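Engineer: One structure is given below, represented as structure tokens, and several questions about it will come after.
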Amino acid sequence: MSLLVWCALLQTLLLLTLRLGDCAIAVDANRTSALEEARLQRENLVRKYLKRLKKEEGALKLVGGRGDFEGNVEIFHAGKWGAICDDEWDQAEAEVVCRQLGFPGHVKPTHTGHFGRARRKFWMDNLWCGGKEAELTDCRFDGWGANDCESGEAAGVICKQHDTDTTTTSKPIPVEPKVPKEQFGQRLELRLVGGRVEGEGRVEVRIVDGPGGAGPWGSVCGDGWGLLEGNVVCRQLNLGYANNAVQTDFFSDEADGKGLPERVLLSGTECYGNESTLADCLHDPIGWDTVATCSERKGHVAAVTCVPAMADLVFDHVEMEQSLHLEDRLMYLLQCAMEENCVATQAYEIQRDNPNWHLETRRLLKFTARVVNMGTADFRPHIPKHLWEWHLCHMHYHSMEVFATFDVIDGQGRKVAEGHKASFCLEDNQCLPGVEPRYACANYGDQGISVNCSDIYRHNIDCQWVDISELDFGEYTMRVAINPEFKVPEMRFDNNAATCRLLYTQTYARVFDCKHERP
């Protein structure tokens, strides 16, 4: 039976129950409140089943969270639920998700499988929303099922909760209160177990100075585990830098004689990246005799691979300050850039609604982005070469989907404009004397950034801009971030972003007072 027939039957049922309720009220006025309650219960029941039947194209749900207001996002397409990849996942996409689900807004987007690994195939990747779309399917993305994501790259959200919910039930649904994360407060000893060589394995911890001496060894829940946390572990163990930080049971082979410890000692680990020990990071609250909660208890543990040499990218904000300028450009000349989503959402609305759209102009804030590798190893893209994408507009392969983000932020901390580039190619454009360039984008060459070399995206290259056509004149903050989603390992990440003051007037724009920060 079709969805429309089910909906018609259920609506008829609702009308019959309402009429029966009205008759009962006329017979006995003293039973008004009881009948009203019964009517509400029946109405809620109908809504419940209508909601169940509403497995329609583009429907959303959140999974893995502690309530209906948070979790990894899944979307319904072609009769199946699927996950969403966290590439380019930010506040705009989170706002659309929460609004589509009926919440008043979002608290924050989450990345790296914050609520557990993706349990289904990825339906969407490289989502780009303006923030005002009615549904997530109205945003632009690579195409259904087109992705290069792993299970640990699930995108999620935490939505704002309603103060009171009177639309579904007369009694509020109890929701577990969200307890803020905190430092562990006790000294932790670390070890890597189950690895094939020194410097790799699952992370195990134990309390050194607890009651009765050192406690038992326990694992770390994989929720939200990433390179920031992995770098802290490698630093604490004097093993160099994290080359990989994963949520896996790969290192739980019984051949090590230990298997997986039953006790999960830490969960919700969240590091800034510069901590000296894992105990200095934030974790979900836990006591000496308490077992940590984990979205997936079995096989969902934190693991890391440490290496002695690592790349370290630094964004050159001086080059950006010197090259930044305004340019008004006809949309006719931006057709190639529009194919790669390099202009603001309003431009696509003009293209759709105005037959003379090609005569309209867009105001672009253009600048040069120079990135230097100051580390001890080459920076290489994390996507295998056979998955690189050919871009006809640029006539070369792109190896990274999200290498840099360009954002303009107002005084209230809201993102009011952003630059978007479909993907990037990496090459050695400029090297120090005595260093031979090794990487080039042309002719399907190997891509990367050698030690002591720079990758330079000059201001005259397509998409090397922020579309600020709808921006009011005034003062803002401009933020450029390299490797913003921490997909590729580095020595450190606190020099990957530059935050500057932006002055925008009718005739010019300039950035100043720049400083390095973490993305």
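The values are calculated or read from the model by the stated rules, or taken from the named source; none is laboratory data. All of these numbers come straight from a predicted model, not from anything done at the bench. When we count neighbours, we look across all protein chains shown, and the Cβ atoms used for this are built from the backbone with ideal geometry, even at glycine. Accessible surface is based on the protein model in full, side chains and every heavy atom, while ligands, DNA and RNA are left aside. Shrake-Rupley method; radii C 1.70, N 1.55, O 1.52, S 1.80 Å.
Engineer: Take the residues in segment 442-460 that are out of contact with any Phe, Trp or Tyr (no Cβ under 8 Å at 6 or more places or on another chain) and polar (S, T, N, Q); name whichever of them is most open to solvent (accessible area, probe 1.4 Å).
Structural biologist: So the residue we want is Asn443.
Engineer: Keeping to segment 348-360, report how many residues are surrounded by 14 or more Cβ atoms within 10 Å (Cβ to Cβ) and not in a loop (DSSP other than H, G, I, E, B). It would help to see each step written out before you state the result.
Structural biologist: Going residue by residue through segment 348-360, those that are surrounded by 14 or more Cβ atoms within 10 Å (Cβ to Cβ) are 348, 350-351, 357-358, 360.
Narrowing the set further to residues that are not in a loop (DSSP other than H, G, I, E, B) leaves 348, 350-351, 357-358.
Of the residues in that region, 5 qualify.
Engineer: Another question about this same structure. When you scan segment 300-336, how many residues do you find that are open to solvent by 30 Å² or more (accessible area, probe 1.4 Å), more than 21 Å from Val511 (Cα to Cα) and part of a helix (DSSP H, G or I)?
Structural biologist: 4
Engineer: Return the only residue of Leu237, Leu282 being under 21 Å from Glu485 (Cα atoms) and modelled with pLDDT of 80 or more.
Structural biologist: Leu282
Engineer: Of (1) more than 10 Å from Thr305 (Cβ to Cβ); (2) modelled with pLDDT of 90 or more; (3) in contact with a helix residue (DSSP H, G or I) (Cβ under 8 Å, 6 or more places away or on another chain), Gly222 satisfies all except one. Which?
Structural biologist: Checking Gly222 against (1) more than 10 Å from Thr305 (Cβ to Cβ); (2) modelled with pLDDT of 90 or more; (3) in contact with a helix residue (DSSP H, G or I) (Cβ under 8 Å, 6 or more places away or on another chain), the one that fails is (2).
Engineer: Still on this structure: Within segment 417-461, track down each residue that is hydroxyl-bearing (Ser, Thr, Tyr) and part of a loop (DSSP other than H, G, I, E, B).
Structural biologist: Hits for segment 417-461 are Ser423, Tyr439, Ser450.
Engineer: Note down all Cβ pairs under 8 Å where the first residue falls in segment 419-441 and is in contact (Cβ under 8 Å) with a residue 12 or more places away in the chain and open to solvent by 30 Å² or more (accessible area, probe 1.4 Å), the second is in a loop (DSSP other than H, G, I, E, B) and charged (D, E, K, R), and they're at least six residues apart or on different chains.
Structural biologist: Correct list of pairs: Pro437/Glu427; Pro437/Asp428; Arg438/Asp378; Arg438/Asp428; Arg438/Asp446; Ala440/Glu427; Ala440/Asp428; Ala440/Asp446.
Engineer: Just the residues that are in contact with a helix residue (DSSP H, G or I) (Cβ under 9 Å, 6 or more places away or on another chain), surrounded by fewer than 22 Cβ atoms within 10 Å (Cβ to Cβ) and either within 12 Å of Asn72 (Cα to Cα) or modelled with pLDDT under 85 (or both), please, taken from segment 123-151.
Structural biologist: Listed by number, the residues that qualify are Trp128, Gly130, Gly131, Lys132, Arg140, Asp148.
Engineer: Continuing with the same structure: Could you list all residues from segment 361-387 that are more than 30 Å from Cys500 (Cα to Cα) and open to solvent by 20 Å² or more (accessible area, probe 1.4 Å)?
Structural biologist: Passing the criteria: Pro384, Lys385, His386, Leu387.
Engineer: On to the next question. Can you tell me which residue in segment 390-399 is nearest to Lys487 (Cα to Cα), limited to those that are in contact with an Asp or Glu (Cβ under 8 Å, 6 or more places away or on another chain) and assigned to a strand (DSSP E or B)?
Structural biologist: To start, the set of residues in segment 390-399 that are in contact with an Asp or Glu (Cβ under 8 Å, 6 or more places away or on another chain) comprises 391, 393-394, 397-398.
Okay, now just the ones that are also assigned to a strand (DSSP E or B), so 391, 397-398.
Details: His391: 22, Tyr397: 19, His398: 16 Å.
Per the criteria, the residue is His398.
Engineer: Another question about this same structure. Which numbered condition trips up Val63, out of (1) within 13 Å of the chain's Cα centre (by Cα); (2) assigned to a strand (DSSP E or B)?
Structural biologist: The single condition Val63 does not satisfy is (1).
Engineer: For segment 113-122: of the residues being part of a loop (DSSP other than H, G, I, E, B) and closer than 23 Å to Glu56 by Cα, which is most open to solvent (accessible area, probe 1.4 Å)?
Structural biologist: Here the answer is Arg119.
Engineer: What are the residues in segment 462-519 that are of a type in the set (Asp, Glu), surrounded by fewer than 18 Cβ atoms within 10 Å (Cβ to Cβ) and not in a loop (DSSP other than H, G, I, E, B), if any?
Structural biologist: Glu475, Asp513, Glu517
Engineer: Which pairs have Cβ atoms under 9 Å, sit 6 or more apart or on different chains, and link a residue in segment 450-472 that is without any contact (Cβ under 8 Å) to a residue 40 or more places away in the chain to one that is open to solvent by 10 Å² or more (accessible area, probe 1.4 Å) and among the aliphatic types (A, V, I, L, M)?
Structural biologist: From residues that are without any contact (Cβ under 8 Å) to a residue 40 or more places away in the chain, the pairs are Asp472/Val416.
Engineer: Moving to a separate point now. Which condition number in (1) surrounded by fewer than 23 Cβ atoms within 10 Å (Cβ to Cβ); (2) farther than 28 Å from His398 by Cβ; (3) in contact with a helix residue (DSSP H, G or I) (Cβ under 7 Å, 6 or more places away or on another chain) is the one that Pro109 fails?
Structural biologist: Unmet for Pro109, out of (1) surrounded by fewer than 23 Cβ atoms within 10 Å (Cβ to Cβ); (2) farther than 28 Å from His398 by Cβ; (3) in contact with a helix residue (DSSP H, G or I) (Cβ under 7 Å, 6 or more places away or on another chain): (2).
Engineer: Within the set of pairs 6 or more residues apart or between chains, which connect a residue that is under 16 Å from Val63 (Cβ atoms) and assigned to a helix (DSSP H, G or I) inside segment 84-112 to a residue that is open to solvent by 30 Å² or more (accessible area, probe 1.4 Å) and among the β-branched types (Val, Ile, Thr) with Cβ atoms less than 6 Å apart?
Structural biologist: none
Engineer: Continuing with the same structure: Which of (1) open to solvent by 20 Å² or more (accessible area, probe 1.4 Å); (2) closer than 13 Å to Leu278 by Cα; (3) not charged (D, E, K, R) is the odd one out, the single condition Trp225 does not satisfy?
Structural biologist: (1)
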